[in-house]
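Right, one structure below, let's go through it.
A short reminder: the numbers here are calculations on the coordinates, not readings from a lab. Model, not experiment: these values are computed from the prediction. Neighbour counts run over all protein chains shown; Cβ positions are idealised from the backbone, glycine included.
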Amino acid sequence: MKNEEVIRILNEDFVTELEATLVYVRNSFIMKDCDPSRVTEAIAVDEMRHMWWLADLITKRGSKPTMEHKELDFCGNDLQTMLQKQIALETGGIEKYKKQIETVEDAEVVGVLKHILDEEKRHRKEFKTRLQGRMQEK
Ligand SMILES: [Fe+2]
Ligand SMILES: [Fe+2]
């Protein structure tokens, strides 16, 4: 795998982390329940940290991180829908990082992607717990 291909993958990841950051920041303000809102806010910070790690790998390889995200889809304003959307974003990330860890040969990149993958798994668990709590309330 060429350096340009590694950079392309890293930028693809950077943009999805940027999108997750923005969606979670927005949702954390919309959520009226304190606990899921605080959890979403804390996880938004994790996603921004992932942006930094990826940007570091991108610049070290002679490129710049792209800020061109697609139009954001916030998927509604009720807690259940927001949590479902957040779980879907985490699942998308988990699947993507798993595939990349198998195909990328750059050891430094793989190390960072594994670390991010572990955190995305934890995020999904946190959101699922809140969603289950929400379903039981109803
Ligand atoms: Fe992330
Ligand atoms: Fe995440």
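Listed values, structure above:
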item	result
Rg/Rh for the range 1-119, where both radii come from Cα atoms and Rh is the Kirkwood radius	1.00
Dipole of the chain, positive direction: furthest Cα of 21, 86, 31, with charges on the beta-carbon	31
Candidate lysines - alpha carbon under 25 Å from residue 64, same-chain residues fewer than 8 apart omitted	2, 96, 98, 99, 114
Those trypsin sites (Lys or Arg not before Pro) in the range 1-67 that DSSP places in a loop and that have at most 16 other beta carbons within 10 Å	2, 32, 61
Ordering of 94-101, 116-123 by packing [mean C-beta count within 10 Å, highest first]	116-123, 94-101
